[in-house]
Each structure stands twice: as C-alpha cells, then as structure tokens.
Amino acid sequence: MAQPRYQGYCTGKPTKLVKEKFGSANVYAQNAKSLLTKATGFIEAYDFTLNPYRGCQYGCSYCYAAAFSPNTKMRQDWGNWVIVKENAAEILAKELQKWYEKNPQNPPRIYLSSVTDPYQPLESQQQLTRRLLEVMLDVRDNNHPTPTLVIQTRSPIITRDIDYLQRFQRLRINMSIPTGSESVRRDFEPRSPSIKARLNALLKIKQNIEPFKGFVPKISITITPLLPTLATDELAFIQQLSIADRVVIQDFHPTYNRSLIASTRSEAEEIKQKYAWWYQNQQLNYMKFKNKLISQLTNIEIKEGKDGFGYE
Ligand code: SF4
C-alpha cells in the first residue's frame with residue numbers, strides 16, 4: 001500500500017492535507033486502523049500502549065520517538081508536526097469491547113503514551129485524550145473494571161481531566177522532570193513546560209483528588225533520562241521530588257549505532273557537549289545523584305529504568 005504523503009514533507013501531490021497550524025506545528029488528521037498496540041521492551045509489563053497522536057509538539061532533543069516518524073524529513077523536523085488520530089475514541093471503544101468479551105473481569109494494562117505526549121498543547125484544543133479516558137471509564141456501564149492505566153506526560157494540561165482521573169481505580173501518573181535546573185531544561189527541551197509548572201500540576205492533582213472524592217492515583221516523577229542538575233539547584237530539586245510516591249531515574253540513552261536510540265539525533269549529542277562537566281563522568285554523577293535520592297527521600301520508592309515504569 002502506498003505510504004501517505006504529508007503536505008510540506010513531500011514533493012508532488014500530498015495524500016494528506018494540512019488540517020491547520022497549532023503554534024508552529026503542522027496538524028494533520030488521519031484515521032487509525034487500530035489503537036491499542038502490544039507493549040514491548042521497556043514497558044512489556046503492560047498489555048498495550050496507547051498513542052492518541054503521532055508526533056509531539058514538545059520536540060525534546062533526546063526523544064527516541066522521533067525514530068517512528070513517517071519519513072526522514074518529518075523525523076528531522078520532529079516537534080513541528082502532529083497527526084491527530086481522529087477516530088481514536090471509536091476504535092478504542094471497539095478494541096476494549098473485544099478485550100472484555102474475552103476477559104470480563106480482567107482489565108487491560110494500558111500505557112498512555114509511549115511515543116507522544118498525550119497532553120501536548122494541541123490536546124487543549126482537540127480533547128482527544130480526554131475522550132479516550134471517557135471511553136475507558138464507560139466500560140463500567142457493562143460492569144467491567146476500568147483499565148489499569150499509566151499516564152506518561154510532562155504537561156500541566158493533565159489537570160484539566162482531574163474529574164476523570166479520580167474515577168480510575170488503578171491509575172499511576174508519571175510526570176517527566178529530567179532535570180531540576182530550568183537552564184538545562186531550556187537547552188534540552190526548550191518547548192516543554194517549566195519544571196515549576198509540572199510540579200504545580202502534581203500539587204494540584206494531589207490537592208484535588210482526595211479519597212472521599214474518588215480513587216487516589218499513584219504519582220511518579222520520571223527523571224528519564226537523568227539530565228544534569230546544577231549544584232545550586234540540586235538540594236531544592238530533591239526536596240521537591242518528595243511530592244511523588246516514586247522517583248524513577250535512568251541513564252541518558254547510550255550512543256549505539258541503532259536507529260531507535262535517541263542519541264542518534266545529533267541535536268541532543270551537541271547539547272551534551274555544553275555539559276561536559278557532567279557527561280565526562282556520567283556514571284559517577286549518576287551514582288552520586290542516585291545515592292542522594294536514596295539518602296534524602298527515605299519515604300519514597302526510588303527505582304531505576306525499566307523497573308520503575310511498571311504500575312505496581
Ligand atoms: S514529550 Fe515525550 S514524546 Fe514528546 S518529544 Fe518529549 S520525550 Fe518525546
């Protein structure tokens with residue numbers, strides 16, 4: 001079957017039109033054939049990954065998801081295009097129905113999302129992730145338990161959906177905060193929300209979901225990959241992490257000659273040069289940071305890599 005051709009990223013006649021612009025991103029609309037994808041690798045503990053969008057406006061320099069772009073030009077322009085899976089809610093409803101027919105009392109474990117941010121800025125307009133949550137909650141009408149859900153995001157837009165989040169019996173929110181220094185964040189992921197905005201979002205969730213209002217979600221902060229934090233920010237950052245139940249750390253993606261490794265994007269590798277004071281002794285600095293987490297966050301679960309991404 002012919003590959004779709006996206007306006008702005010192909011020569012000749014495109015088969016997909018630009019639907020609109022949102023900020024600097026070209027937004028395309030497409031119908032997905034399926035939505036729930038078998039989870040593998042780092043998140044194989046889940047049954048499925050769920051990605052409402054292809055592409056991500058945050059365009060982080062180290063993002064491995066760029067490797068899943070539809071073509072090389074779009075991979076190079078990672079962060080400047082998004083494909084909205086317009087029929088996502090209908091497809092998810094059908095796929096869940098199929099699952100529950102076979103497993104009426106055994107809910108699927110779903111990781112939202114593995115190759116996009118489900119709460120990137122466009123979500124404030126599209127409300128696609130919100131509709132997916134609604135579909136997952138609707139299974140209760142047929143007396144099925146709601147999916148075990150993990151939401152991976154770096155966006156405060158998640159707080160818009162607190163009304164739905166508190167209705168999931170088994171929910172973990174993974175907030176990505178790879179550094180405690182705003183200047184480092186601006187270098188590696190200049191389009192993403194500030195560290196303060198992410199921490200405030202977690203605070204808002206904690207303040208607004210109380211046991212008498214619904215189920216209380218588990219909260220992780222994922223420092224993945226662990227970026228440098230300036231010495232002047234480190235103590236305050238570690239203290240702020242105590243808002244979570246779990247902190248997950250992970251090395252910067254290693255430089256292998258494989259297309260799915262984030263560091264093959266030259267952008268992140270170039271930025272790393274600026275932080276030679278950290279990366280020249282990366283292993284040692286990683287261990288030192290980990291030890292500080294363990295000694296200072298005594299009531300919080302500290303996990304590494306794959307081990308930290310599970311629901312439990
Ligand atoms: S927010 Fe996540 S998916 Fe989006 S660019 Fe950054 S790392 Fe990639």
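Pull out the extension gain between SER124 and GLN105, defined as 0.36 nm times the separation in residues minus the alpha carbon to alpha carbon distance; nm, one decimal.
Using 0.36 nm per residue and subtracting the Cα-Cα distance, I get 3.5 nm.
Could you tell me the center-to-center distance, by alpha carbons, between the range 199-242 and the range 30-83 in angstrom?
Measuring centre to centre over Cα atoms gives 25 Å.
Residue by residue through the range 273-278, what is 3J(HN,Hα) from phi via Karplus (6.51 cos²θ - 1.76 cosθ + 1.60, θ = phi - 60°)? Round to whole Hz and write x for glycine and proline.
Values, residue by residue: 4, 5, 10, 4, 4, 9 Hz.
Residues with amide H under 5 Å of TYR28's amide H, sequence separation 5 or more or different chain, H placed in the peptide plane at 1.01 Å from N; which?
LYS19, VAL82, ILE83, VAL84
If r is the Cβ-Cβ distance from ASN143 to ASN87 and R0 is 25 Å, what FRET efficiency results, to the nearest 0.05?
Computed FRET efficiency for ASN143 and ASN87 comes out at 0.40.
For the pair ILE294/LYS206, report the inter-label distance in nm, with labels modelled 7 Å from Cα in the Cβ direction.
So the two model labels end up 2.4 nm from each other.
Using a Förster distance of 30 Å, how high is the FRET efficiency between ASN71 and LYS218, based on the Cβ-Cβ distance and rounded to 0.05?
After rounding to 0.05, the efficiency reads 0.20.
Taking springs between alpha-carbon atoms closer than 10 angstrom, which of GLY41, GLY59, GLY79 fluctuates most in the Gaussian network model of the chain?
GLY41
For the chain, list the cysteines whose Cβ sits under 4.7 Å from no other cysteine Cβ?
CYS10, CYS56
At 222 nm, what helix-only mean residue ellipticity would the chain give, in deg cm²/dmol to the nearest 500, using -39500 (n - 2.57) for each DSSP H run of four or more?
Using -39500 (n - 2.57) per qualifying helix, the result is -9000 deg cm²/dmol.
Convert each backbone phi in the range 204-216 into a coupling constant with the Karplus relation 6.51 cos²θ - 1.76 cosθ + 1.60 (shift: θ = phi - 60°), then list the ³J(HN,Hα) values in order as whole Hz, x for Gly and Pro.
Karplus values, whole Hz, x for Gly and Pro: 4, 5, 5, 6, 9, 10, 10, x, 6, 9, x, 7, 8.
So, with +1 on the Cβ of K and R and -1 on the Cβ of D and E, and no other charges, what is the size of the charge dipole of the chain about its Cα centre, to the nearest 20 debye?
Roughly 440 debye for the chain.
Summing Lys, Arg as +1 and Asp, Glu as -1, what charge do residues with Cβ under 9 Å from the Cβ of ILE221 carry, ILE221 excluded?
Charge balance near ILE221 sits at +2.
By the gyration tensor of its Cα atoms, with a ≥ b ≥ c the square roots of the eigenvalues, what is the shape of the chain: rounded for a/c under 1.5, prolate for a/b over b/c, or oblate?
oblate
In whole Hz, what ³J(HN,Hα) sequence does the range 148-158 give by Karplus (6.51, -1.76, 1.60; θ = phi - 60°), x for Gly and Pro?
Each residue's phi maps through the Karplus curve to give 6, 10, 10, 10, 9, 8, 10, 10, x, 4, 4 Hz.
Please give the contour-minus-distance gain from ARG160 to ALA29: 0.36 nm per residue of separation, less the Cα-Cα distance, rounded to one decimal in nm.
This chain segment gains 44.8 nm when fully extended.
With the cut-off at 27 Å, tell me which of the pairs LYS206/LYS303; LYS98/LYS303; LYS272/LYS292 have Cα atoms farther apart than that.
LYS98/LYS303
Among the aspartates and glutamates, which fall within straight-line cross-link reach of LYS290, defined as a Cα-Cα distance under 18 Å, with same-chain neighbours fewer than 8 residues apart omitted?
Counting by Cα, and skipping residues close in sequence, LYS290 has these aspartates and glutamates nearby: ASP233, GLU234, ASP245, ASP251, GLU301, GLU304, ASP307.
Bear in mind that the values in this text are calculations on the coordinates, not laboratory data. Fair warning: this is a prediction, and the values are worked out from it, not measured in the lab. Heads up, the Cβs are rebuilt from the backbone with ideal geometry, glycines too, and the neighbour counts pull from every protein chain shown.
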